[in-house]
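What follows is a single structure, written as structure tokens, with notes after it.
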Amino acid sequence: MGDQLENIPYPSMISFVLILVGSCIMTGTLYEAVRRTDTYFRSTFYPIDGLSYAQTVSVIITPITVVLAAALLAFGCLATGATREKIYRGNKSILSGRGAALVFLALAHLSCLCWLALMCGLMFPATGWLVMDRVCAEEWRYWLDIDGEKTNAKFFNYFRFNLTHYGIYKKLYNFNPSLKYNETITTATAFQNFCSNVNTIGPLYMFALGGAMFVLFGLFCFIGALSANYTKLKYTPDLTQYRTAKQPEVEPAETEYLQAAGYAPSIAGHGPSDSIVYSQ
């Protein structure tokens with residue numbers, strides 16, 4: 001049972017679970033967050049070009065990463081414990097194993113760069129959610145006791161929510177007069193709807209960011225496991241030769257004890273399998 005447990009590639013298994021869970025969380029939450037953001041901006045402000053690209057990137061990169069993780073897990077199973085000694089026994093097998101480890105290392109590093117870029121991109125909407133959530137929390141309490149449509153104008157006489165105050169601009173050369181175009185919220189009801197969407201959409205972006213971090217941690221663990229497997233494959237012939245070397249029939253400690261007792265060692269025979277005989 002202990003020998004079988006030694007053949008399990010625990011780092012690769014943990015890495016695969018991290019990548020699988022993180023990819024599912026990131027893809028699902030990002031897809032829904034982008035869909036809700038696009039729907040709200042189209043109905044309240046103006047369409048944002050390029051939001052669909054984020055959905056496309058997440059849908060493409062996730063299955064590729066999961067397939068790569070499955071291949072890395074399979075390689076980890078082959079290069080761990082007694083399985084490595086059976087599969088990578090000859091020089092050609094060892095050379096092919098080292099080559100596969102180098103290729104997987106390159107792919108893992110490339111995947112890390114892609115997911116790092118994706119995580120940096122997710123930090124922008126996550127930071128925006130933190131800012132807007134603070135705005136809603138501070139401004140909301142000033143008009144919680146305001147009742148009726150008559151008092152909406154009273155509140156918005158001194159408060160105007162404008163996207164340009166937070167660095168969100170619509171490029172003039174992209175302006176289409178046929179589309180709805182608005183940058184300002186002018187009623188308390190619209191501001192309440194805005195804060196409700198912020199509280200719903202913002203956490204989705206945070207979960208997507210957390211999922212991307214899970215995937216990055218998994219890829220880092222895979223890189224460490226691949227580096228260790230490459231080193232083990234490199235020294236497999238030396239380790240095998242050392243383990244299969246003929247051990248002396250008499251331990252050195254026992255020899256010293258017999259010599260101290262007055263027994264002199266002598267070699268019987270002349271072949272490689274000759275035994276050691278002690279005479280007084």
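The values are calculated or read from the model by the stated rules, or taken from the named source; none is laboratory data. In this text the structure is predicted, and so the values were computed from the model without any measurement. Neighbour counts run over all protein chains shown; Cβ positions are idealised from the backbone, glycine included.
How many of the residues making up the range 6-38 are part of a helix (DSSP H, G or I) and either more than 14 Å from Gln55 (Cα to Cα) or among the aromatic types (Phe, Trp, Tyr) (or both)?
Total satisfying the criteria: 15.
So for the range 86-102 (the condition being surrounded by 13 or more Cβ atoms within 10 Å (Cβ to Cβ), more than 16 Å from the chain's Cα centre (by Cα) and modelled with pLDDT of 80 or more), does at least one residue qualify?
Yes: the range 86-102 contains one or more residues that are surrounded by 13 or more Cβ atoms within 10 Å (Cβ to Cβ), more than 16 Å from the chain's Cα centre (by Cα) and modelled with pLDDT of 80 or more.
Got at least one residue in the range 192-200 being under 14 Å from the mean Cα position of the chain (by Cα) and either surrounded by 15 or more Cβ atoms within 10 Å (Cβ to Cβ) or not in a helix (DSSP H, G or I) (or both)?
Within the range 192-200, not a single residue is under 14 Å from the mean Cα position of the chain (by Cα) and either surrounded by 15 or more Cβ atoms within 10 Å (Cβ to Cβ) or not in a helix (DSSP H, G or I) (or both).
Is at least one residue of the range 48-61 modelled with pLDDT under 85, within 20 Å of Gly202 (Cβ to Cβ) and not in a helix (DSSP H, G or I)?
Yes, the conditions are met somewhere in the range 48-61.
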